[in-house]
Amino acid sequence: MRRRQSCAATYGHLMAARLVFRIHAVQRMSERGITERDVREILATGEILEEYPDATPYVSRLVLGWCRGRPLHVVAAENAEAHETIVITVYDPDPTLWEPGFRQRRRPWNA
């Protein structure tokens, strides 16, 4: 099986017209060699793993995507009123905290 070299994920969803990056996200992206293009593609094509409807000030979600064979998690919030998606953080999921495939958190007794 041939691996795609661009970011790829399994389930698509909508992203707001405007993308805003929090300073924390930009710092983490820089440290981890993750580009804005990587994040845009993950948000456009990634798999929503968790939704946080009670998050404030905006509803947010955790999205899994793959970039050049690398799993990435993006936490983003939706400001529907301003038509923007806010990227809160981006990280490499820790294999000791996530089940294989990085879609489900390990239970404490599986870690």
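The values are calculated or read from the model by the stated rules, or taken from the named source; none is laboratory data. Treat the numbers as computed from the prediction; the structure is a model and nothing was measured. Cβ atoms come from the backbone with ideal geometry, glycine included; neighbour counts cover every protein chain shown.
Odds and ends about this structure:
- If you go through the stretch 79-95 and keep only what is within 18 Å of the chain's Cα centre (by Cα) and in a loop (DSSP other than H, G, I, E, B), you end up with 92, 93, 94, 95.
- Lone unmet requirement of (1) under 15 Å from the mean Cα position of the chain (by Cα); (2) in contact (Cβ under 8 Å) with a residue 12 or more places away in the chain for residue 58: (1)
- Considering residues of the stretch 1-19 that are part of a strand (DSSP E or B) and surrounded by 15 or more Cβ atoms within 10 Å (Cβ to Cβ) only, the residue modelled with the highest pLDDT: 19
- Taken as a whole, the structure places residue 79 among residues that are at pLDDT below 95, surrounded by 13 or more Cβ atoms within 10 Å (Cβ to Cβ) and not β-branched (Val, Ile, Thr).
- Here is the figure for the stretch 23-58: residues that are out of contact with any strand residue (DSSP E or B) (no Cβ under 6 Å at 6 or more places or on another chain) and assigned to a loop (DSSP other than H, G, I, E, B) total 7.
- For the stretch 45-82, a residue qualifies if it is farther than 22 Å from residue 17 by Cβ and of a type in the set (S, T, N, Q), and exactly one does: 56.
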